[in-house]
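A short write-up of the structure that comes next.
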Amino acid sequence: MPVEQRQRRSVSDRVAAYVGATKWGGRASRVSDELHHRPVPNHWTNLFGVVTVACVVVLFVTGIVLMFFYTPSNEVVRYEGSYAPLHGAEVSKAFASTMGVSFDVPGGLIVRQAHHWAALLLPAVVILQMLSIFFTGGFRRPRRGAWVVLFLVFVSALAAGWSGYALPDDMLSGTGLRIVQGIVLGIPFIGTDISFLLFGGE
């Protein structure tokens, strides 16, 4: 084999060398080196972070799959799907599409259940992670930013979970909306006005 062919670099090596030579690439490599040399405690509570990431991945993947079958509409239609007890009942398109995913799409119910249980497990695991960080003092410097991010993830998980419950337009979603309306109405002085703005009336 000629020497010229052996010394020839691949395209990815050339791109990496070019990016590393730029100002941004130099900073990224320094940050990467710092993260690689940063000591990470090997403790069983790290499992909470792994489960949190796994739940987020499951929610993301199953949410994208469910998006192709869900119809976000409250237009009333007559149900004619596979679930016999509801035949002829007037339901919203959102509810009919949810029932279609559960009973008519092959593997749809298991995707819905995976999405559902990941959405339930996510806030529970984040709460356990926050408790372990709080009681071990892990929220102090230099990990204060991670504590704030974890709290924001918790609030986002609650908000996303509530909005997800509202999508199927069933009794559970109606209960969730009623609870939120009650919480908003409980705000002193401005609760009634905010409720009217959110729900378009009583």
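The values are calculated or read from the model by the stated rules, or taken from the named source; none is laboratory data. The structure displayed is predicted, hence computed values, not measured ones. Virtual Cβ from ideal backbone geometry, glycine too; neighbours counted across all protein chains shown. Just the protein is used for accessible areas: all its heavy atoms, side chains included, with ligands, DNA and RNA removed. Shrake-Rupley method; radii C 1.70, N 1.55, O 1.52, S 1.80 Å.
Of the residues making up segment 154-197, those that are under 17 Å from Trp117 (Cα atoms) and not hydroxyl-bearing (Ser, Thr, Tyr) are Phe154, Ala157, Leu158, Ala159, Ala160, Gly161, Trp162, Gly164, Ala166, Leu167, Pro168, Leu172.
Residue count for segment 129-147 under the criterion of being among the basic types (Lys, Arg) and outside any loop (DSSP other than H, G, I, E, B): the result is 1. Which of the residues that make up segment 139-156 are out of contact with any helix residue (DSSP H, G or I) (no Cβ under 7 Å at 6 or more places or on another chain), over 26 Å from Val180 (Cβ atoms) and open to solvent by less than 90 Å² (accessible area, probe 1.4 Å)? Selection gives Gly145, Ala146.
Restricting the first member to segment 71-93 and to residues that are farther than 16 Å from Leu167 by Cα, and the second to residues that are part of a strand (DSSP E or B) and of a type in the set (Lys, Arg), the beta-carbon pairs closer than 8 Å and six or more apart or on different chains are Gly88/Arg78; Ala89/Arg78; Glu90/Arg78. Note on segment 60-94: residues that are under 22 Å from the mean Cα position of the chain (by Cα) and open to solvent by 40 Å² or more (accessible area, probe 1.4 Å) amount to 10.
How many residues are small (Gly, Ala, Ser) and loosely packed, with under 14 Cβ neighbours inside 10 Å when one looks only at segment 157-182?
Within segment 157-182, residues that are small (Gly, Ala, Ser) and loosely packed, with under 14 Cβ neighbours inside 10 Å number 4.
Collect the residues in segment 132-153 that are over 20 Å from Ala118 (Cα atoms) and of a type in the set (A, V, I, L, M, F, W, C), keeping them in residue-number order.
Step one: of segment 132-153, the residues over 20 Å from Ala118 (Cα atoms) are 132-148.
Answer for segment 132-153, where residues must be over 20 Å from Ala118 (Cα atoms) and of a type in the set (A, V, I, L, M, F, W, C): Ile133, Phe134, Phe135, Phe139, Ala146, Trp147, Val148.
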